[in-house]
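The values are calculated or read from the model by the stated rules, or taken from the named source; none is laboratory data. Everything numeric in this text was worked out from a predicted model, so none of it was measured. We place every Cβ from the backbone using ideal geometry, glycine too, and count neighbours over all the protein chains shown. Each accessible area value is taken on the protein alone, full model and side chains, heavy atoms only, with ligands, DNA and RNA left out. Shrake-Rupley method; radii C 1.70, N 1.55, O 1.52, S 1.80 Å.
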Protein chains: 4
Amino acid sequence: MTGDLWQSSSIMAKRAVARGEPRQRHELSIAGQGGFHYVYGPYAAPVLTVDPGDVVVVETEDAFGGVITSEQDSPTAKLKFPYLNPQCGPIAMRGIGKGDCLAVRIHAVETRGEQPAGTTCIIPEFGGLVGTASTAMLNPPLPERVTKVHVDKSGVRWNDKITLPYQPFIGTIGISPEIEAISSLQPDYHGGNMDLPDVAPGAILYFPVHVQGGLLYVGDCHAAQGDGELSGVAIEQRATVTLQVDVIKDWTFAWPRLETEHFLMTIGSARPLEDAARIAYRELVRWMSADYGFDEIDAYMLLSQAGRIRLGNMVDPKYTIGASILKKYLV
Amino acid sequence: MTGDLWQSSSIMAKRAVARGEPRQRHELSIAGQGGFHYVYGPYAAPVLTVDPGDVVVVETEDAFGGVITSEQDSPTAKLKFPYLNPQCGPIAMRGIGKGDCLAVRIHAVETRGEQPAGTTCIIPEFGGLVGTASTAMLNPPLPERVTKVHVDKSGVRWNDKITLPYQPFIGTIGISPEIEAISSLQPDYHGGNMDLPDVAPGAILYFPVHVQGGLLYVGDCHAAQGDGELSGVAIEQRATVTLQVDVIKDWTFAWPRLETEHFLMTIGSARPLEDAARIAYRELVRWMSADYGFDEIDAYMLLSQAGRIRLGNMVDPKYTIGASILKKYLV
Amino acid sequence: MTGDLWQSSSIMAKRAVARGEPRQRHELSIAGQGGFHYVYGPYAAPVLTVDPGDVVVVETEDAFGGVITSEQDSPTAKLKFPYLNPQCGPIAMRGIGKGDCLAVRIHAVETRGEQPAGTTCIIPEFGGLVGTASTAMLNPPLPERVTKVHVDKSGVRWNDKITLPYQPFIGTIGISPEIEAISSLQPDYHGGNMDLPDVAPGAILYFPVHVQGGLLYVGDCHAAQGDGELSGVAIEQRATVTLQVDVIKDWTFAWPRLETEHFLMTIGSARPLEDAARIAYRELVRWMSADYGFDEIDAYMLLSQAGRIRLGNMVDPKYTIGASILKKYLV
Amino acid sequence: MTGDLWQSSSIMAKRAVARGEPRQRHELSIAGQGGFHYVYGPYAAPVLTVDPGDVVVVETEDAFGGVITSEQDSPTAKLKFPYLNPQCGPIAMRGIGKGDCLAVRIHAVETRGEQPAGTTCIIPEFGGLVGTASTAMLNPPLPERVTKVHVDKSGVRWNDKITLPYQPFIGTIGISPEIEAISSLQPDYHGGNMDLPDVAPGAILYFPVHVQGGLLYVGDCHAAQGDGELSGVAIEQRATVTLQVDVIKDWTFAWPRLETEHFLMTIGSARPLEDAARIAYRELVRWMSADYGFDEIDAYMLLSQAGRIRLGNMVDPKYTIGASILKKYLV
């Protein structure tokens, strides 16, 4: 639970109420959660209320709600839209409201449950290289397919020849919009289903808060994922997620932000994909301008030489891109 | 209140519970409405419950909530996001549930309130030819501007030289999603802020119902609008809307549909704009296939020669397109 | 050959060198053409050189080069990419150069050749509701299909029950870029494969000229087409096209323009589709500003109430939209 | 000139005519080049003809043609569209034709010319966060700005506080289309202005050849660039480029490919940006299927876990994305 050394110099450590120091520990088990949520919104009662600095250990279900248990299962038969991508929470924070920032440090994302603990599949009319409900086509769909894989800290055993690195992260996390209730399948300004691999242990997320208490939701962990989550499905898994939450008063902005030891990242979600990149990069320009003394055009020109892009998903109702700059250039 | 002759041959007349015949009349005044809604969702209690065939006369507020009262007003100062585009309702229908269709015949959209009754304006970072929150740009915004216009049945007096035809319609109408609460600024599968000029007196809308009672919302009437609602704002007005609602049991589909004397239209909303067109045209292919005996490829090839497109908006969080085919070809 | 009355008040009549008056008549037969062209560019020698006011009667081949002669033909087997959409020309104009405008009045588009004179088909990986080379999908393609139809002035006989109106127009027409040679399958700033039904008898096109002589190309006539040319293929036909060409000195702009009796239209081609609409509408704003005394924001706000959109194609390498305003508002 | 060890196991070493062994050396100086080219096409005569295995050392001009020599220069005043991004070549290869593959190993990209050797700038209506000719806006443009920077192997001296790593690469390289002449500002299936930082020393490019001789063009080197080339302009520089060219007979595919020691990459260029990603990923699926024994759906599902994306540019007439997979998974 002690932080990496860099965390003592993080924005969370410098600006948050509890200075990034972990305080009381809470557990939110599947049983404690009771029912899951399928929207991010202000209409559900909190399952837990915490204070700045508190650490919450959350058991999450996989994106399928655990119903795909065999390679013989049919996703179409098992999955009941819109009751997909079950979310835990909401967790309310004391002393936070609209105009503040909720900081969330990810301590751990640990695979749980029986092996094979990882699931991926082909779902008809969903994915980056097929016609979908939005990119509506008349072509016949791809056949369904389910693959179950053994997952542990040594790797994701794709098959006898290929083992992928174990790089767990949180696919879906965010806070409540002010009045909307947004499907847990969708990423947007509130976070949600960003499917961005940088949302991993060691990172700190910053969300601009829209309602009293912030109302944090989390679910949908992945053991590994490629850029774009091409087929629409990563190595989906049940997980135990350890989060430390804190409050930065009077810090607000438009889209989620992320900090690691080496870089600052802004996250945009939109269609078409260039708009996700535009949002992320403009937010980064604005951050460099507001907090690091750049004029906007200087920041824009520097990012043209030194900005980096991570493609989260190109399959969800909005696509997600993270844009980043190394901290060492923010001098 | 008597129908046009063609309405007796409409789908509503043939398939709905009340056969398209008007029954009891209800009034929903501004006072009766009480507070407005800014999301389309299942979390609000109905203000009115009606039966198939009932006629509802609704007083609507304009998209600005009536706060732009002078050409000297600053939209930025007056408009308080997300409390924009106030909606009346929800109106619950007895005997309707998921899997059924709510039919809504538009009898009238009448301008109400003092002159100048029409308002349009430039809102920074909103519109089809400017950078926005999604198509994020660093360019300076356009200056704000408000134009108030006299509107009556003889026309919209744009200025001393130009009078535009009075072509009132409903900018925002739809039903509740199953679990989402969608901003009234956004069009989607539930209808909402489609800004499609065909949603006008004489037309019948068909919505696939997601929740018990359907939960109809309506607001945001326009006195005139060009294709695309280019600057983001039409001739916005307060109105009195007369709707006749009915139920078609066990008729479901994915996106809103519209019928007039001469054509059938399907309505899609998405970004990028081609996806809105794809959704609309695929829905039309499917409708022609399900109800009019076409095979899908025949329908596709015929629409390539005879399909028509109407661009609703190219400014909202999703863009809206209606695709239509003349009824005379559905033989 | 005598003009409609309105043509005497056209921009061509007012501003062009020959005042829109027809002069010498030329014929460009298939035999006279010799080989066809498959790019729009400055690298081919003119087949004909004309003077302002001259009328050219051109025999065009269909978009398939005439090789699909039976409903049993396989488009895949018959069509040899990139040798598709054969174009006649280039026709050079004396006394025109970069910075001038080439005006082209369309007198007639007449179906020629044996019946069934119209052809349409399904080509795998091409069309608005299928995966393509750009919107790359893994779905299986649709099956190929060819439909041949009888076409004459009384209509397009789609089948025993459906006859579509005969509304012939030019699918591909334009001028040479300065240094590029652009595939005849593509529309762009030079015109080309716009597939816009307004490019029909009675209309006048205005092209900004990039090279000495202008270098006009034409081909690809359609007997009928729906908005968007949904399946990728209209009612393709061989035609005899009668064009009157003229020169407006020192009039330049960015994209093709079109005039009819009632409206002015600007034409944009781009992907995604909203960019085609943005181009077209911005060009219209600029035209209203440059020639009709509007300030840009006034024009923008008026188009939001009175602009009209026509979707040409949503299937070519760029999509095409025409944006128009009634002349009666340009007062 | 001696290869890295991995190159002996490259596809070039295994399959090309000269087995990836360097043979005769040629120099193509600025003087030897004579005039530059501004299109990629078959209409220009080769400046050099080479054999498989030959090494060509090319002096390139910067993307501005060297005309921006001071921070006081106005890009608008100096740059004369379409004569931008001057290209060297074309270089013809003996014994190559349509259906073959041209392999190009990049040995070196070395900055040349006086200091400050690097140039970047803001060009009005060009860039990722501004309205452009395609994403047409009415907003006022950003002000012009030019920045000249000292560039050497130790780094790019952005300012007194920031030095960026020196990571030179080729912004524009490719071969002739069959009949088109494509602007050197545009990337497409032929390569061209991809602005992809992976096109760097050590990499091997594979191009599918469309015309006899292949006709290789090259220009537009960068000393450093961020993902997306956000402002539209990288650290532009004059360079000396050393390329080794070879021929793989009877190997054809749709889009450029790239090999490094660790990964295989496919490169797609399109708008909207998701189509560039779709093209790149579908090409990678097809490559894995054709040459490495995957079935397409297996490849698709594996890429969903292990695919990587590099954003080249989000500013050119088409946007460019590279999709890659580690070679170690192609077992």
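Just a few scattered comments:
- Residue within segment D:151-158 that is touching a helix residue (DSSP H, G or I) at 6+ places or on another chain (Cβ under 9 Å), surrounded by fewer than 24 Cβ atoms within 10 Å (Cβ to Cβ) and assigned to a loop (DSSP other than H, G, I, E, B) present: yes
- The condition (being within 23 Å of the chain's Cα centre (by Cα) and on the phi > 0 side of the Ramachandran plot) is satisfied by just one residue among C:ASP152, C:ASP195, C:ASP227: C:ASP195.
- Residues of segment C:273-331 that are part of a helix (DSSP H, G or I) and basic (Lys, Arg): C:ARG278, C:ARG282, C:ARG286, C:LYS327, C:LYS328.
- For A:ALA31, the conditions (1) of a type outside the set (Phe, Trp, Tyr); (2) at pLDDT 95 or above; (3) closer than 21 Å to A:PRO256 by Cα; (4) not in a strand (DSSP E or B) all hold with the exception of (3).
- Of the criteria (1) open to solvent by 50 Å² or more (accessible area, probe 1.4 Å); (2) more than 23 Å from the chain's Cα centre (by Cα); (3) closer than 22 Å to D:GLN225 by Cβ, which one D:GLN167 fails: (2)
- Every residue from segment C:102-135 that is within 11 Å of another protein chain (Cβ to nearest Cβ), small (Gly, Ala, Ser), touching a residue at least 12 places away in the same chain (Cβ under 8 Å) and surrounded by 24 or more Cβ atoms within 10 Å (Cβ to Cβ): C:GLY118, C:GLY127, C:GLY128
- For segment B:248-268, the count of residues that are assigned to a helix (DSSP H, G or I) and within 24 Å of A:MET137 (Cβ to Cβ) is zero.
- So B:ASP291, is it under 22 Å from B:GLY89 (Cα atoms), among the charged types (D, E, K, R) and modelled with pLDDT of 95 or more: no
- Unmet requirement for C:ALA136, which otherwise passes all of (1) over 23 Å from the mean Cα position of the chain (by Cα); (2) over 30 Å from C:PRO256 (Cβ atoms); (3) not β-branched (Val, Ile, Thr): (2)
- Qualifying residues in segment A:171-189 (those that are buried (at least 22 other Cβ atoms within 10 Å of the Cβ), at the interface with another protein chain (Cβ under 7 Å from one of its Cβ atoms) and among the aliphatic types (A, V, I, L, M)) - the one nearest to A:ALA270 (Cα to Cα): A:ILE182
Yes/no per residue for (1) open to solvent by less than 10 Å² (accessible area, probe 1.4 Å); (2) more than 10 Å from every other protein chain (Cβ to nearest Cβ):
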residue	(1), (2)
D:ALA290	no, yes
D:ILE297	no, no
D:LEU303	yes, no
D:ARG310	no, no
D:MET314	yes, no
D:LYS328	no, no
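- Residues that are outside any strand (DSSP E or B) and open to solvent by less than 40 Å² (accessible area, probe 1.4 Å), drawn from segment B:43-66: B:ALA44, B:PRO52, B:GLY53, B:ASP54, B:GLU61, B:ASP62, B:ALA63, B:PHE64, B:GLY65, B:GLY66
- For segment B:80-101, filtered to residues that are hydrophobic (A, V, I, L, M, F, W, C) and more than 22 Å from B:GLU21 (Cβ to Cβ), the residue that is most open to solvent (accessible area, probe 1.4 Å) is B:PHE81.
- Selection count where residues are acidic (Asp, Glu) and either away from chain A (no Cβ under 14 Å) or without any contact (Cβ under 8 Å) to a residue 24 or more places away in the chain (or both), scope segment C:136-158: 1
- Considering residues of segment A:248-283 that are touching a residue at least 40 places away in the same chain (Cβ under 8 Å), among the charged types (D, E, K, R) and at negative phi only, the residue nearest to the other protein chains (Cβ to nearest Cβ): A:ARG271
- Residues (buried (at least 24 other Cβ atoms within 10 Å of the Cβ), charged (D, E, K, R) and either under 14 Å from C:VAL156 (Cβ atoms) or within 14 Å of chain B (Cβ to nearest Cβ) (or both)) located in segment C:190-239: C:ASP195, C:ASP227, C:GLU229, C:GLU236
- Conditions (1) in contact (Cβ under 8 Å) with a residue 24 or more places away in the chain; (2) open to solvent by less than 10 Å² (accessible area, probe 1.4 Å); number of the one not met by B:ARG286: (2)
- One residue from A:ALA224, A:ALA200 being assigned to a loop (DSSP other than H, G, I, E, B) and touching a helix residue (DSSP H, G or I) at 6+ places or on another chain (Cβ under 7 Å): A:ALA224
- Check on C:ILE91, within 22 Å of the chain's Cα centre (by Cα), assigned to a strand (DSSP E or B) and in contact (Cβ under 8 Å) with a residue 24 or more places away in the chain: yes
- Residues satisfying the stated conditions in segment C:5-19, i.e. open to solvent by less than 10 Å² (accessible area, probe 1.4 Å) and outside any helix (DSSP H, G or I): C:SER10, C:ALA16, C:ALA18
- Checked against (1) touching a residue at least 12 places away in the same chain (Cβ under 8 Å); (2) hydrophobic (A, V, I, L, M, F, W, C); (3) open to solvent by 20 Å² or more (accessible area, probe 1.4 Å), A:ALA77 passes all but a single condition, namely (1).
- Residue match in segment D:159-170 (condition: within 11 Å of another protein chain (Cβ to nearest Cβ), at pLDDT 95 or above, in a strand (DSSP E or B) and under 25 Å from A:ASP295 (Cα atoms)): yes
- Residue-level analysis places B:VAL104 outside the set of residues that are in contact with a Cys (Cβ under 9 Å, 6 or more places away or on another chain) and closer than 30 Å to B:VAL247 by Cβ.
- D:PRO46 in contact with a Ser or Thr (Cβ under 9 Å, 6 or more places away or on another chain) and in contact (Cβ under 8 Å) with a residue 60 or more places away in the chain: no
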